[in-house]
Amino acid sequence: MDPSLPPKKWIIKNLDISRSVIDVILDNRNLPADHMEPFRLSEKMHDPYLLPDMDKGVQRILKAIDSNEKIVIFGDYDVDGITSTALMLYFFKAINYPVQYLVPNREKDGYGLRPAGVDTANAMAAKLIITVDNGISANDSIDYANSLGIDVVVTDHHLQEGDLPNAVAVINPNRNDSTYPFKSICGVTVAFKLAYALGAKLMSEENYKKFLLNHLDLVAIGIIADVMPLMDENYAFVKFGLKVLANTKKPGLIELKKVSGVKSNTITPITIGYFLAPRLNAAGRMGDASISVDLIVEESSVRAKQLALELDSLNRERQTLQHSYLENAMDSMQDFENTNDKVIIVENEDWQAGLIGLVSGKLKEHFCRPALAFTRDANGNFVGSARSIEAFHVTEALTHFNHYFLNYGGHHKAAGLTVPAENYPIFKQEFIAYVNEKLADESLVPELIVDSVVDIDQINETVAQQIQEIGPFGEINPEPFLLIKDTIIRDIRIMSNGKHLKFFIQKGNRMFECLWWGGGNYKDFLRLGSACDLVFKMNINIFQGTPRLQLTIEDAEIKN
C-alpha cells in the first residue's frame, strides 16, 4: 500500500466473490437468517420483571404514589443519564403525579449520587429517590439517605464492583446475581423497563402502549450515545426508535434537529452520534446538564428553540476548546515519536474535566494507541480520562495500579481515574513501562475490517438497499466495508477547497461515482488512469429526488 495513504491493515473476511454479499455480511456478524424479516417490538423485548428487584422497585413507587410522597429523580450528566431522567419525567407526567429531578454538575459534584445530592433531595422534602443511570456504587450516599428517612430505588446498568447498596431495590442487569438474558443495555433502557412495569399497573392499556411507543426516540438516543451493542433488544429498540425520532412530536427534539442541521426525515445512528448527542452532551461537559433535560421535556416550541440554540452555542464553545486542547496536547508531544512509547499520557491543569475524554479519544485515534489525558481538580489531584484500542483493556491494566488512585472505573476501551499529586509521577512512569511491555507492536497498526471482496455485478442499488436493511448500524453491527480490486481512476474532482475528493472508477464496462470525505490529503497520489483497489461503503444518494448509487471511500491502495 502506498505509504502516503492511511497505513491501515485490511482484514478481509471473505474472498469468494461467488457468495451473496448479504449472506456474507450476516455471517460475519453472527446474525440469524431471519434478521431482515419484519418483527414486532414485543417479540424482541425481554420481560421487565426479569430484571432483579423490579417487583420491589415497582411496589415501593406505587406505595409512594398512594401515600402522596415526594419523589425526586436523580440522573446523570451524559446523554444516557439525560434521556433516562427525561423519560421518567414524562412517565410521571403521564400519570399526573408531580416529581422533581436533579442532575449533578460534572465539575462541582462529580458522578453519581453523593451525600451533597442527598442533602439537596432532603431539602426538597424527598421521601423517595429514584436514580437513573447511576447508583450501583453509591453505598455510602444511600446509607446516608436511609438515615434521613429517604428510601432509594436504584436503576442502573453499570457493573457491580462491591457490595450492593442498601437500597429498597437495585434494578440493574449487571448485578452479580442478575439472570437477565441480555446485560448490555444502558440506563435509559432500564428506566424504560421500569416505566413499562409501572405503566401496566397505572395506565389504561391504550395509554400505556401509546406512552411506550412515543418515547422510543429517547431510548434510541441513549443506546446510540452510550455506544451499546446493536444486537438483541437494543437492535429492536433502535430500529423502532429511529422511526419515532424521525417523526417525533417533542418540541425539544424537533428544535434540536433543526439547529443540528438535520433536515431529512431519515434518521440513522450517525444522525444521533454526530449531530444530536454531542449537543445534548455539551450542557454536561460545559456546565449544567439540566439544560438538556429541560429541552427534551419542554412543551413550548418557542422555549425549546431558545434551549436548542443555547445547546448549539455550548457545543460550538466545546468544539473550540477541544481544538485548543488538542493543539496543547500535540505541542506537548513534540518528542513523543522519539520515545517509542506505546501509550500517550498528557496533562494540563487548565483543561476542563468535562472535555479531557474527548482529548484522549482524539489522541487514541490519531496515534492508534491508548491515551490518557489529565487535568487538576480543586484539591490538586490529577483527574484523568483514558481511551484505548481493541487490543488493550485499559481498566484491567489500571487495576494493577489502583493503590495509587483515589478512585477509578471503566470498561474495555474507556476509563476515568483520580490520582493524588504525590502519586502521579510514579504512576505515570510505571504505567508507561507496563504498557510498553504488554502491548505488542503489531497492535499499534490500525485495522480496517472488510466484509467481502465484491465484483461489479454485486455493486448496484438493489444490493445497496438490502445492505441498509441489515441496519441500523452501530456497535457490534458496523456499516459494512467492501473491497473492489483492479479499478481504473477516471475524472478526479476536488471539493470544498481541497478537503474532499469526488472521482469515478471504471471496471469492465461499468463506471461508479466515488466520494472520499477527508480524502483531499491524498489528491496528489490519485492519477487519471491509475489502477487501484478501493475499500468503500455502498450507499444510495438522493439527489434532487432521484436515487443514485454512490461509493463512499474509506481507504485505497494505488497500484501504479
| query | Within the stretch 505-524, can one find any residue that is small (G, A, S), surrounded by fewer than 19 Cβ atoms within 10 Å (Cβ to Cβ), in contact with a strand residue (DSSP E or B) (Cβ under 9 Å, 6 or more places away or on another chain) and assigned to a helix (DSSP H, G or I)? | reply | yes
| query | Looking at the stretch 141-161, is at least one residue surrounded by fewer than 16 Cβ atoms within 10 Å (Cβ to Cβ), within 30 Å of H412 (Cα to Cα) and in contact (Cβ under 8 Å) with a residue 60 or more places away in the chain? | reply | yes
| request: Scan the stretch 209-218 and give yes if some residue there is under 15 Å from the mean Cα position of the chain (by Cα), in contact (Cβ under 8 Å) with a residue 60 or more places away in the chain and assigned by TED's automatic domain parsing to the domain that holds H158, otherwise no. | output: yes
| Taking the stretch 227-274 only, how many residues are of a type outside the set (D, E, K, R) and either in contact with a strand residue (DSSP E or B) (Cβ under 7 Å, 6 or more places away or on another chain) or in a helix (DSSP H, G or I) (or both)? | 23
| Does the stretch 250-264 contain at least one residue that is touching a Phe, Trp or Tyr at 6+ places or on another chain (Cβ under 7 Å) and not small (G, A, S)? | yes
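Considering only residues that are among the small types (G, A, S) and part of a loop (DSSP other than H, G, I, E, B), which ones fall in the stretch 525-560?
Initial filter on the stretch 525-560 (among the small types (G, A, S)): 529-531, 545, 556.
Selection gives G529, S530, G545.
Among the listed residues S496, S530, S452, identify the single one that is of a type in the set (G, A, S), touching a residue at least 60 places away in the same chain (Cβ under 8 Å) and not assigned by TED's automatic domain parsing to the domain that holds P269.
Numbers: S496 fails: touching a residue at least 60 places away in the same chain (Cβ under 8 Å); S530 fails: touching a residue at least 60 places away in the same chain (Cβ under 8 Å).
Checking each option against the conditions leaves just S452.
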| Single residue of D335, D312, D294, D288 found to be loosely packed, with under 15 Cβ neighbours inside 10 Å and of a type outside the set (S, T, N, Q) | D335
| remark: Scanning the stretch 172-206 for residues that are assigned to a helix (DSSP H, G or I) and among the small types (G, A, S), the one nearest to the chain's Cα centre (by Cα) turns out to be G187
| task | Return yes when A397 is surrounded by 19 or more Cβ atoms within 10 Å (Cβ to Cβ), in contact with a Leu (Cβ under 8 Å, 6 or more places away or on another chain) and either assigned to a helix (DSSP H, G or I) or assigned by TED's automatic domain parsing to the domain that holds H366 (or both) and no when it is not. | result | no
| query | Taking the stretch 165-210, which residues are buried (at least 18 other Cβ atoms within 10 Å of the Cβ) and farther than 26 Å from S137 by Cα? | reply | G199, L202, M203, Y208
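Out of P278, P269, which single residue is surrounded by 22 or more Cβ atoms within 10 Å (Cβ to Cβ), closer than 20 Å to C186 by Cα and either touching a residue at least 40 places away in the same chain (Cβ under 8 Å) or within 21 Å of the chain's Cα centre (by Cα) (or both)? Steps first, please.
On the way: P278 fails: surrounded by 22 or more Cβ atoms within 10 Å (Cβ to Cβ).
Step by step, each of P278, P269 is checked, and only P269 is surrounded by 22 or more Cβ atoms within 10 Å (Cβ to Cβ), closer than 20 Å to C186 by Cα and either touching a residue at least 40 places away in the same chain (Cβ under 8 Å) or within 21 Å of the chain's Cα centre (by Cα) (or both).
Tell me, please, whether a residue that is hydrophobic (A, V, I, L, M, F, W, C), touching an Asp or Glu at 6+ places or on another chain (Cβ under 8 Å), under 20 Å from F74 (Cα atoms) and not in a helix (DSSP H, G or I) can be found in the stretch 289-301.
At the first step, the residues of the stretch 289-301 found to be hydrophobic (A, V, I, L, M, F, W, C) are 289, 291, 293, 295-297.
This time we only want the ones that are touching an Asp or Glu at 6+ places or on another chain (Cβ under 8 Å), so: 289, 291, 295.
Checking which are under 20 Å from F74 (Cα atoms) leaves us with 289, 291, 295.
With the extra rule that they be not in a helix (DSSP H, G or I), the set shrinks to 289.
The answer is yes, given that some residue of the stretch 289-301 is hydrophobic (A, V, I, L, M, F, W, C), touching an Asp or Glu at 6+ places or on another chain (Cβ under 8 Å), under 20 Å from F74 (Cα atoms) and not in a helix (DSSP H, G or I).
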| note | Just one listed residue, out of N105, N30, N14, is at pLDDT below 95 and not assigned by TED's automatic domain parsing to the domain that holds D151, and it is N30
| said: Tell me yes or no: at least one residue of the stretch 75-96 is over 20 Å from the mean Cα position of the chain (by Cα), buried (at least 23 other Cβ atoms within 10 Å of the Cβ) and either within 19 Å of G409 (Cα to Cα) or among the charged types (D, E, K, R) (or both). | reply: no
| Residues that are under 27 Å from T179 (Cα atoms) and in contact (Cβ under 8 Å) with a residue 12 or more places away in the chain, drawn from the stretch 15-33 | R29, L31
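Kindly indicate the residue of the stretch 318-376 that is assigned to a loop (DSSP other than H, G, I, E, B) and of a type in the set (D, E) and also nearest to T418 (Cα to Cα) among those meeting that condition. It would help to see each step written out before you state the result.
Let us first name the residues in the stretch 318-376 that are assigned to a loop (DSSP other than H, G, I, E, B), namely 332-335, 339-343, 348-352, 368-370.
Next, only the ones that are of a type in the set (D, E) stay: 335, 341, 349-350.
Values: D335: 26, D341: 22, E349: 13, D350: 16 Å.
That would be E349.
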| said: I'd like to verify a number: residues in the stretch 34-54 that are free of Cβ contacts under 8 Å to residues at least 60 places away in the same chain and touching a helix residue (DSSP H, G or I) at 6+ places or on another chain (Cβ under 7 Å), how many? | reply: 0
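Strands (runs of 3 or more DSSP E) wholly in the stretch 405-498 with at least 3 residues that are surrounded by 14 or more Cβ atoms within 10 Å (Cβ to Cβ) and within 29 Å of the chain's Cα centre (by Cα) - which ones? Spell out how you get there, then give the answer.
Details: elements: 407-410, 414-419, 447-450, 482-495.
It comes to 407-410, 414-419, 447-450.
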| task | Quick one: which residue in G241, G252 is small (G, A, S), buried (at least 20 other Cβ atoms within 10 Å of the Cβ), farther than 30 Å from D151 by Cα and within 17 Å of the chain's Cα centre (by Cα)? | result | G241
| Can you pull out the residues in the stretch 122-139 that are within 20 Å of G409 (Cα to Cα) and either surrounded by 21 or more Cβ atoms within 10 Å (Cβ to Cβ) or at pLDDT 95 or above (or both)? | T131, V132, D133, N134, G135, I136, S137, A138
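For every residue, the table says whether it meets (1) closer than 24 Å to Y196 by Cα; (2) in contact with a strand residue (DSSP E or B) (Cβ under 8 Å, 6 or more places away or on another chain).
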| site | (1), (2) |
| --- | --- |
| Y77 | yes, no |
| F92 | yes, yes |
| K108 | no, no |
| T131 | yes, yes |
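The values are calculated or read from the model by the stated rules, or taken from the named source; none is laboratory data. What you are looking at is a predicted structure, and each value in this text was computed from that prediction instead of being measured. FYI the Cβ positions are ideal-geometry reconstructions off the backbone, even for glycines, and counts take in every protein chain you see.
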